Amino acid sequence: MTRPVTRAVAAPPRSRLASALRAVRMGAWLGWQVQANWTDPLLFFIYSIARPLGGALILVFMFAVVAGGRRGPLLDFFLVGAALWPYVVWTMQGLGWAVLEEREHFKMIRYVYTAPIPFWAFLVGRGLSMTLTGLAPMLITLLLGVVALDLPLVFSPERAAYALAAFLLGLAGLVAMGLLLVGVVFLISGEAWRLPEAVGAALYLLSGAIFPVTVLPGWLQGPARVVPVTWWLEAMRRALLPAGHPRSFPALDDGAVLALLGLTVALAALMGGLVYQAGLWSARRRGILDAETHY
């Protein structure tokens, strides 16, 4: 049986915040090296853009076939969701994949955990490194929508401030959901690799990425309202698209949407912290934190 992993006792840092930020920076640098060092920069750039862009184009053609070639505001709703989704996937799933890579591929999770750095901050840094991978496809897809599909994006100082606030809150919410995912990954062995993708696929249908939440059955609209991704997508669409376009929550004004985004992010942070700590404690107690599953 694998013995429980215990942390080394280190001298207290001058500042917990400084120590956490340093661990985030180190984790992000390491994660970027892992993600980008398998090929030359040009090929990596092409791969990072072509994959999600190709997926978005496939969905657009499917939409055109279903709509019979008709161009309407619902296509704009769909395009913005398709552009934002790679950012959601890479950021949220990146934390779960970081645990799996350190445990299964590199077999370094024991040494990272026992290092005198905040373990959660290192994992956040690893996840944020994948955020950059999702940021470029998001911008390229939006640009393609403007140039080739007449996506009517709106730019103004007021909307820019709203978009920035929503974007930062959404990033915090995605990190919180990633920590919740990590807490579960600690306790799963053989099927752990499938968990991040399964969660992403469920949220893709639940959070209004491709159609308004009001289209969902009534019993699914309640769970959709407590997910930060739902409110982040709604807020970003309101910041980017003109008034009068389809919305997931047409009865709410922009301020209410931003406030509910902040509330759900706070709830996700609380839940993510609790699940992360519970999963880590249970994995240590059972001695499976660094147990390899050979997947």
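Look at the stretch 132-161: where a residue is crowded, with 16+ Cβ neighbours inside 10 Å and a partner is assigned to a helix (DSSP H, G or I) and of a type in the set (D, E, K, R), sitting 6+ places away or on another chain with Cβ atoms under 6 Å, you get 151/76.
For residue 92, the criteria (1) buried (at least 21 other Cβ atoms within 10 Å of the Cβ); (2) touching a Pro at 6+ places or on another chain (Cβ under 7 Å); (3) of a type outside the set (Gly, Ala, Ser); (4) under 26 Å from residue 239 (Cα atoms) hold in every case but one, which is (2). Among the residues of the stretch 56-86, those that are out of contact with any Lys or Arg (no Cβ under 9 Å at 6 or more places or on another chain), open to solvent by less than 40 Å² (accessible area, probe 1.4 Å), at pLDDT 70 or above and in a helix (DSSP H, G or I) comprise 60, 75, 78, 79, 82, 83, 85. Look at the stretch 254-280: where a residue is acidic (Asp, Glu) and a partner is assigned to a helix (DSSP H, G or I), sitting 6+ places away or on another chain with Cβ atoms under 8 Å, you get 254/162; 254/235; 254/238. So if I check each of 272, 244, 279, which one is surrounded by fewer than 19 Cβ atoms within 10 Å (Cβ to Cβ) and small (Gly, Ala, Ser)? None of the others qualify; the one that does is 244. In the set (1) open to solvent by 50 Å² or more (accessible area, probe 1.4 Å); (2) modelled with pLDDT under 70, residue 36 fails one condition alone, (1). Can you tell me which of 269, 235 is at pLDDT 95 or above, aliphatic (A, V, I, L, M) and within 30 Å of residue 62 (Cα to Cα)? Matching residue, one of 269, 235: 235.
Do you know which residues across the stretch 283-295 are open to solvent by less than 70 Å² (accessible area, probe 1.4 Å) and either at pLDDT 95 or above or touching an Asp or Glu at 6+ places or on another chain (Cβ under 7 Å) (or both)? 293 - this is the single residue of the stretch 283-295 that is open to solvent by less than 70 Å² (accessible area, probe 1.4 Å) and either at pLDDT 95 or above or touching an Asp or Glu at 6+ places or on another chain (Cβ under 7 Å) (or both).
Being in contact with a His (Cβ under 9 Å, 6 or more places away or on another chain) and in a helix (DSSP H, G or I) is a condition met by no residue of the stretch 260-278.
The values are calculated or read from the model by the stated rules, or taken from the named source; none is laboratory data. Only a predicted model underlies this, so the values are computations on that prediction, with no experimental measurement involved. Reconstructed Cβ throughout: ideal geometry from the backbone, glycine too, with neighbour counts over all protein chains shown. SASA here: full protein model, heavy atoms, side chains in, ligands and nucleic acids out. Shrake-Rupley method; radii C 1.70, N 1.55, O 1.52, S 1.80 Å.
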